[in-house]
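A.B. asks: Sharing a structure here in C-alpha coordinates format.
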(Lines give C-alpha, C1' and ligand atoms only; values in the text may rest on other atoms or scores of the structure.)
Protein backbone atom coordinates (compact mmCIF):
# COMPACT_ATOMS: atom_id res chain seq x y z
CA UNK A 1 0.00 0.00 0.00
CA UNK A 2 1.36 3.43 -0.91
CA UNK A 3 1.75 6.33 1.49
CA UNK A 4 -1.13 8.12 -0.26
CA UNK A 5 -3.41 5.12 0.26
CA UNK A 6 -2.37 4.92 3.91
CA UNK A 7 -3.10 8.64 4.33
CA UNK A 8 -6.55 8.30 2.78
CA UNK A 9 -7.36 5.33 5.02
CA UNK A 10 -6.14 7.23 8.05
CA UNK A 11 -8.21 10.32 7.21
CA UNK A 12 -11.32 8.21 6.60
CA UNK A 13 -10.91 6.47 9.94
CA UNK A 14 -10.14 9.71 11.77
CA UNK A 15 -13.39 11.25 10.52
CA UNK A 16 -15.36 8.30 11.85
CA UNK A 17 -13.94 8.59 15.35
CA UNK A 18 -13.38 12.35 15.43
CA UNK A 19 -9.62 12.04 15.93
CA UNK A 20 -7.20 14.90 15.37
CA UNK A 21 -4.10 14.01 13.34
CA UNK A 22 -0.71 15.66 13.66
CA UNK A 23 1.87 15.44 10.88
CA UNK A 24 5.45 16.14 11.80
CA UNK A 25 8.59 16.86 9.86
CA UNK A 26 12.01 15.40 10.53
CA UNK A 27 12.89 18.58 12.46
CA UNK A 28 9.78 18.08 14.59
CA UNK A 29 11.00 14.60 15.54
CA UNK A 30 14.33 16.00 16.66
CA UNK A 31 12.47 18.64 18.64
CA UNK A 32 10.27 15.98 20.26
CA UNK A 33 13.20 13.89 21.32
CA UNK A 34 14.86 16.91 22.93
CA UNK A 35 11.67 18.33 24.46
CA UNK A 36 9.61 15.46 25.89
CA UNK A 37 8.90 17.53 28.99
CA UNK A 38 7.19 20.12 26.77
CA UNK A 39 4.60 17.55 25.71
CA UNK A 40 4.33 16.09 29.20
CA UNK A 41 3.55 19.58 30.44
CA UNK A 42 0.73 20.02 27.90
CA UNK A 43 -0.71 16.62 28.72
CA UNK A 44 -0.61 17.40 32.46
CA UNK A 45 -2.29 20.77 31.87
CA UNK A 46 -5.00 19.10 29.82
CA UNK A 47 -5.58 16.51 32.56
CA UNK A 48 -5.88 19.18 35.25
CA UNK A 49 -8.21 21.33 33.14
CA UNK A 50 -10.33 18.37 32.06
CA UNK A 51 -10.71 16.79 35.51
CA UNK A 52 -11.37 20.13 37.24
CA UNK A 53 -14.13 20.88 34.70
CA UNK A 54 -15.58 17.38 34.77
CA UNK A 55 -15.57 17.20 38.58
CA UNK A 56 -16.66 20.86 38.89
CA UNK A 57 -13.67 21.82 41.06
CA UNK A 58 -11.68 25.03 40.71
CA UNK A 59 -8.15 24.34 39.39
CA UNK A 60 -6.58 26.44 42.13
CA UNK A 61 -8.15 24.22 44.78
CA UNK A 62 -6.29 21.20 43.41
CA UNK A 63 -3.01 22.63 44.69
CA UNK A 64 -4.52 23.76 48.00
CA UNK A 65 -4.41 21.88 51.29
CA UNK A 66 -8.20 21.43 51.28
CA UNK A 67 -9.46 18.06 52.46
CA UNK A 68 -12.99 18.38 51.11
CA UNK A 69 -13.93 15.06 49.56
CA UNK A 70 -14.73 16.40 46.08
CA UNK A 71 -11.44 18.30 45.93
CA UNK A 72 -9.41 15.36 47.22
CA UNK A 73 -11.04 13.03 44.69
CA UNK A 74 -10.35 15.40 41.77
CA UNK A 75 -6.77 15.90 42.96
CA UNK A 76 -6.15 12.15 43.22
CA UNK A 77 -7.62 11.55 39.76
CA UNK A 78 -5.35 14.23 38.30
CA UNK A 79 -2.31 12.77 40.02
CA UNK A 80 -3.23 9.26 38.87
CA UNK A 81 -3.71 10.25 35.22
CA UNK A 82 -0.58 12.39 35.13
CA UNK A 83 1.39 9.44 36.51
CA UNK A 84 -0.16 7.10 33.93
CA UNK A 85 0.05 9.34 30.85
CA UNK A 86 3.27 11.30 31.25
CA UNK A 87 6.85 10.44 32.04
CA UNK A 88 6.95 12.89 34.95
CA UNK A 89 8.57 11.55 38.10
CA UNK A 90 6.62 11.33 41.35
CA UNK A 91 8.57 14.33 42.60
CA UNK A 92 7.64 16.39 39.51
CA UNK A 93 3.97 15.47 39.92
CA UNK A 94 4.16 16.47 43.58
CA UNK A 95 5.59 19.85 42.58
CA UNK A 96 2.64 20.44 40.25
CA UNK A 97 0.26 19.94 43.17
CA UNK A 98 1.75 22.35 45.67
CA UNK A 99 5.08 20.64 46.44
CA UNK A 100 3.55 17.46 47.78
CA UNK A 101 5.78 14.53 48.72
CA UNK A 102 6.25 11.66 46.26
CA UNK A 103 4.57 9.36 48.78
CA UNK A 104 1.39 11.43 48.42
CA UNK A 105 1.33 10.65 44.71
CA UNK A 106 1.89 6.95 45.42
CA UNK A 107 -1.02 7.08 47.88
CA UNK A 108 -3.25 8.75 45.25
CA UNK A 109 -2.44 6.09 42.64
CA UNK A 110 -3.12 3.27 45.11
CA UNK A 111 -6.34 4.90 46.29
CA UNK A 112 -7.65 5.28 42.74
CA UNK A 113 -6.72 1.68 41.93
CA UNK A 114 -8.39 0.42 45.10
CA UNK A 115 -11.44 2.59 44.43
CA UNK A 116 -11.79 1.08 40.97
CA UNK A 117 -11.54 -2.45 42.36
CA UNK A 118 -14.23 -1.78 44.96
CA UNK A 119 -16.46 0.26 42.60
CA UNK A 120 -16.20 3.35 44.75
CA UNK A 121 -18.80 5.97 43.78
CA UNK A 122 -16.18 8.73 43.58
CA UNK A 123 -14.72 7.08 40.48
CA UNK A 124 -17.89 6.35 38.49
CA UNK A 125 -16.69 8.36 35.50
CA UNK A 126 -13.15 6.95 35.54
CA UNK A 127 -13.45 5.04 32.25
CA UNK A 128 -14.84 8.08 30.45
CA UNK A 129 -12.02 10.25 31.80
CA UNK A 130 -9.42 7.63 30.96
CA UNK A 131 -10.58 7.31 27.36
CA UNK A 132 -10.71 11.07 26.81
CA UNK A 133 -7.24 11.64 28.31
CA UNK A 134 -5.74 8.70 26.43
CA UNK A 135 -7.11 10.01 23.13
CA UNK A 136 -5.74 13.46 23.84
CA UNK A 137 -2.33 12.09 24.76
CA UNK A 138 -2.23 9.98 21.64
CA UNK A 139 -2.84 13.02 19.46
CA UNK A 140 -0.12 15.06 21.19
CA UNK A 141 2.67 12.79 20.03
CA UNK A 142 3.19 10.25 22.74
CA UNK A 143 4.89 7.98 20.24
CA UNK A 144 5.92 8.70 16.64
CA UNK A 145 6.00 6.34 13.70
CA UNK A 146 8.07 7.38 10.70
CA UNK A 147 6.79 6.48 7.26
CA UNK A 148 9.23 6.97 4.42
CA UNK A 149 8.47 7.49 0.76
CA UNK A 150 10.76 8.24 -2.18
CA UNK A 151 10.68 12.01 -1.82
CA UNK A 152 9.14 12.68 1.57
CA UNK A 153 9.01 11.56 5.16
CA UNK A 154 5.92 11.93 7.30
CA UNK A 155 5.32 11.04 10.89
CA UNK A 156 2.12 9.80 12.43
CA UNK A 157 1.89 10.41 16.14
CA UNK A 158 0.46 8.27 18.93
CA UNK A 159 -0.02 4.58 19.55
CA UNK A 160 -3.67 4.88 18.59
CA UNK A 161 -2.78 6.21 15.16
CA UNK A 162 -0.18 3.44 14.85
CA UNK A 163 -2.94 0.91 15.39
CA UNK A 164 -5.07 2.63 12.73
CA UNK A 165 -2.21 2.30 10.26
CA UNK A 166 -2.28 -1.49 10.77
CA UNK A 167 -6.06 -1.61 10.32
CA UNK A 168 -7.16 -4.02 7.59
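The values are calculated or read from the model by the stated rules, or taken from the named source; none is laboratory data. In this text, all values refer to a predicted model and were calculated from it rather than measured experimentally. In this analysis, Cβ positions are derived from the backbone assuming ideal geometry, glycine residues included, and neighbour counts consider all displayed protein chains.
A.B. asks: Could you look through segment 129-138, keep only residues that are surrounded by fewer than 18 Cβ atoms within 10 Å (Cβ to Cβ) and touching a helix residue (DSSP H, G or I) at 6+ places or on another chain (Cβ under 8 Å), and pick out the one that is modelled with the lowest pLDDT?
C.D. replies: Step one: list which residues in segment 129-138 are surrounded by fewer than 18 Cβ atoms within 10 Å (Cβ to Cβ), which gives 130-132, 134-135.
Within this subset, residues satisfying the condition of being touching a helix residue (DSSP H, G or I) at 6+ places or on another chain (Cβ under 8 Å) are 130, 132, 134-135.
Values: 130: 93, 132: 91, 134: 87, 135: 83.
Across segment 129-138, the extreme among qualifying residues is 135.
A.B. asks: Tell me which of these residue 21 doesn't satisfy, since it passes every other one: (1) modelled with pLDDT of 65 or more; (2) surrounded by 13 or more Cβ atoms within 10 Å (Cβ to Cβ); (3) within 18 Å of the chain's Cα centre (by Cα).
C.D. replies: Exception for residue 21: condition (1).
A.B. asks: Might you check whether a residue that is surrounded by 13 or more Cβ atoms within 10 Å (Cβ to Cβ) and not in a helix (DSSP H, G or I) occurs anywhere in segment 68-83?
C.D. replies: Restricting attention to segment 68-83, the residues satisfying the condition of being surrounded by 13 or more Cβ atoms within 10 Å (Cβ to Cβ) are 70-83.
Now narrow it down to the ones that are not in a helix (DSSP H, G or I): none.
The answer is no; no qualifying residue exists.
A.B. asks: Give me the residue from segment 53-67 that is in contact (Cβ under 8 Å) with a residue 24 or more places away in the chain and surrounded by fewer than 21 Cβ atoms within 10 Å (Cβ to Cβ) and, out of that set, farthest from the chain's Cα centre (by Cα). Even if it seems obvious, please write down each step before you answer.
C.D. replies: Within segment 53-67, the subset in contact (Cβ under 8 Å) with a residue 24 or more places away in the chain is 54, 62-65.
From what is left, the residues that are surrounded by fewer than 21 Cβ atoms within 10 Å (Cβ to Cβ) are 54, 63-65.
Working: 54: 16, 63: 20, 64: 23, 65: 25 Å.
Going through the qualifying residues, I end up with 65.
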